[in-house]
1. Residues with amide H under 5 Å of V115's amide H, sequence separation 5 or more or different chain, H placed in the peptide plane at 1.01 Å from N; which?
2. Could you tell me the calculated FRET efficiency between D100 and E146, based on Cβ-Cβ distance and R0 = 30 angstrom, to the nearest 0.05?
3. Report the charge-dipole magnitude of the stretch 116-169 in Debye, nearest 20, computed about the Cα centre from +1 at each Lys and Arg Cβ and -1 at each Asp and Glu Cβ.
4. Rounded to the nearest whole Å², what accessible area per residue is found for the stretch 113-179 with the 1.4 Å probe?
5. Provide the percentage of antiparallel DSSP beta bridges, counting only those with both residues in the chain; round to the nearest 5.
6. Rounded, prolate or oblate for the stretch 120-179? Axes are the square roots of the Cα gyration tensor eigenvalues, ordered a ≥ b ≥ c, and the cut-off for rounded is a/c under 1.5.
7. R0 = 30 Å: FRET efficiency of N155 with R29, Cβ-based, nearest 0.05?
8. So which cysteines in the chain don't have a second cysteine's C-beta under 4.7 Å from them?
Amino acid sequence: MANILVVHGSPRPNGNSKMLADAFMEGAREAGNSVEYVDVGRMSIAGCKACEYCFKHEGACVQQDDMQPLYEKLHWADMLVYDFPLYFYTYPAQIKAFMDRMFCGMVKPFGIKRVALLLCFEDKDASTANGLIQSFRIACNYCKQEIVGEVVVNNVYEVGAIEGNPGLEQARALGAGLS
């Protein structure tokens, strides 16, 4: 069974992307996986300063903010699931800051071998997300992380608009298929 960390990166606490995360977590837990959820969209996490303090201090980050307790969770996890909405054709600032702060894992590596993406957005044109998806794939390849699934749901904006969307079942099935 896997230790899965679901990282929600939307400033909207109970929006459509959170519903995707809930569906995924339901499936993953039913399959017997250990699942933890963190809401970085509501945390105070500054971007990486590229100061390389972590290189001189065994992977510790100089910044003392809400990212600090997440490092322990990142060392616990062997799978990471990113869950967020598309903002202005790219990552929301909240998830990007989290991702950038994982830089210290270059010194004291995290054991994350697999990743998944849960993404939703308002635009009716699904290709709007292509740039972000390509960026995500490149980053995962660089980190030698296997992408085990991508659930991308477009044409949802208002809170709850994703209700009844097949993407919820895709997220649930992705979680249920993991071990």
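1. L80, E146, I147, V148
2. Values: r = 22 Å, r/R0 = 0.72.
For R0 = 30 Å, the calculated efficiency reads 0.90.
3. 320 debye
4. 54 Å²
5. Details: 1 of 26 bridges.
Roughly 5 percent of the beta bridges in the chain run antiparallel, per DSSP.
6. Details: a/c = 3.26, a/b = 1.28, b/c = 2.54.
It is oblate, given that a/c is not under 1.5 and a/b is not larger than b/c.
7. Values: r = 28 Å, r/R0 = 0.94.
Here the calculated transfer efficiency is 0.60.
8. So far as the 4.7 Å Cβ criterion goes, C48, C51, C61, C120, C140, C143 stand without a partner in the chain.
The values are calculated or read from the model by the stated rules, or taken from the named source; none is laboratory data. Note that this is a predicted model, so its numbers are computed, not measured. Counting neighbours? That spans all protein chains shown, and the Cβs are built from the backbone with ideal geometry, glycine included. For the accessible areas, the whole protein counts, side chains as well, though only heavy atoms, and no ligand, DNA or RNA atoms are used. Shrake-Rupley method; radii C 1.70, N 1.55, O 1.52, S 1.80 Å.
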